[in-house]
Each structure stands twice: as C-alpha cells, then as structure tokens.
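Inspection log for the structure reproduced underneath, given as structure tokens.
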Amino acid sequence: MLFLFNPIAFKIPLVTCFCSLAIEMTIHADAFLTKFLLYFLLVSDYFSCGFASNASGKEKTLAMIKPDGLSGNYTDRIKNLISDSGFTICKERIIQLDEESVMSFYAEHSSRSFFGSLVKYMTRLQQSTFSSGPVLLMILEKENAVADWRALIGPTDASKAKVTHPHSIRALCGLDSEKNCVHGSDSPQSAQREISFFFEEKISGRIVPKHDEL
C-alpha cells in the first residue's frame with residue numbers, strides 16, 4: 001500500500017527546526033542535545049501516526065466485468081453484490097478491447113497454453129454488431145479491497161467455484177475457467193498497474209471507449 005505524505009508541508013517546519021538546532025549547537029551543547037532528542041521524538045511520532053492511519057485506511061482495486069458478463073446481463077446483479085459487500089465504485093467505464101490491448105494487459109500469461117484462447121475470448125466478435133465484446137471496468141475502494149474483491153469473485157474456474165464457493169460471483173455468473181465473467185487484481189501492486197493501464201493516458205490509442213466514462 002502506498003503511504004500518502006505531503007513533503008512540502010513537512011519540509012518547511014523541518015528545515016526551520018534543524019536550522020534552530022544548528023545555532024543552539026554552537027552555543028549550548030547540553031541544550032542542543034535535549035532539543036535534538038525532543039525534535040527526534042516529535043518527528044518519529046509524526047511518521048508513526050502517518051503510517052498507522054494509512055495502514056488502516058482504504059485500498060483500491062480494479063474490477064472488470066468481461067464480455068460474457070455484459071452480454072449475459074449480469075451487470076446489475078454484480079453491482080448489487082459489490083455494494084452489499086461494502087465497496088465504493090470510485091470510477092467506471094465501458095470500453096472495447098482490441099487485440100493489442102488484451103495482449104499487453106495479460107502479458108504475464110503470454111507463455112501459458114491458454115493465452116491465445118484468452119485473447120480470442122476477450123476480443124471475440126459479437127454476432128449482432130460484428131465488433132469486439134465490450135468490458136466494464138471499475139475502480140473499487142474499501143479496506144482490504146484487493147483481498148476482499150478476490151474473495152467475492154471466487155476461484156478462477158467458475159465450474160469449480162459452483163461447488164466450493166457457491167455464493168461467489170463466478171459461481172453465480174460464470175461457466176468455466178475462461179468464461180468466468182469477472183477479473184480482479186491479485187495484489188496491491190497489480191491493482192496499481194491495472195488501474196493505471198485502463199484509466200490513465202498511457203493506454204491512449206490501444207483502447208477505444210464505447211461510451212464516455214460513466
């Protein structure tokens with residue numbers, strides 16, 4: 001998890017403190033040592049409070065409803081489960097994925113046997129529109145968002161999830177390990193990368209919005 005810290009707000013008083021300490025050091029060595037210890041404790045307390053508040057703060061993760069989820073009209077059901085589980089949907093958009101963007105997003109799986117099939121599935125032609133199937137992307141937020149979203153969607157193989165995790169999203173809406181309806185970031189680091197991939201400027205030209213951001 002990233003710890004948010006405003007270096008500019010902290011820099012000015014910190015510099016002032018240490019300038020004062022430098023002057024005191026040249027005049028009263030004992031007084032300098034006492035003040036140094038005091039300032040050290042104050043600074044340590046500042047950082048410990050910051051880390052504690054962020055450690056108990058909220059986390060973001062990426063959620064994706066895949067083409068089969070949208071075409072199967074599961075969106076409202078999934079959103080209700082998201083809301084009931086305490087997540088906030090910070091941002092969402094519907095986009096169409098081209099082959100290049102899918103291959104880039106799933107690059108870590110490029111050596112796996114299912115990679116080609118996965119790319120075809122994510123960009124498959126829709127009989128009604130002859131265009132690649134759209135996906136719904138959402139940034140979800142809550143405490144422990146990454147782990148909680150992964151728990152809510154269930155195991156990768158939806159057919160197994162129906163037995164082991166019958167109340168999970170994949171059990172309710174998915175079919176198998178490929179057509180499993182949803183995606184979730186598997187770590188805070190992956191969440192940051194995936195949110196950046198889909199919601200920041202660097203994806204320009206590889207992902208074509210189907211609608212404006214909702």
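Here are a few things to note about the model shown:
- Residues in segment 154-190 that are surrounded by fewer than 19 Cβ atoms within 10 Å (Cβ to Cβ) and not in a helix (DSSP H, G or I): 156, 157, 165, 166, 167, 175, 176, 177, 178, 179, 186, 187.
- Residues in segment 55-86 that are under 22 Å from residue 189 (Cα atoms) and among the acidic types (Asp, Glu): 59 alone.
- Cβ-Cβ under 8 Å pairs, at least 6 apart or on other chains, segment 150-167 side farther than 15 Å from residue 81 by Cβ, far side of a type in the set (Ser, Thr, Tyr) and at pLDDT 95 or above: 155/164; 155/168
- Count of segment 191-202 residues which are among the charged types (D, E, K, R) and either outside any helix (DSSP H, G or I) or under 13 Å from the mean Cα position of the chain (by Cα) (or both): 3
The values are calculated or read from the model by the stated rules, or taken from the named source; none is laboratory data. All values derive from a computational prediction rather than experimental measurement. Positions of Cβ are generated from backbone atoms using ideal geometry, with glycine treated the same way; all protein chains shown enter the neighbour counts.
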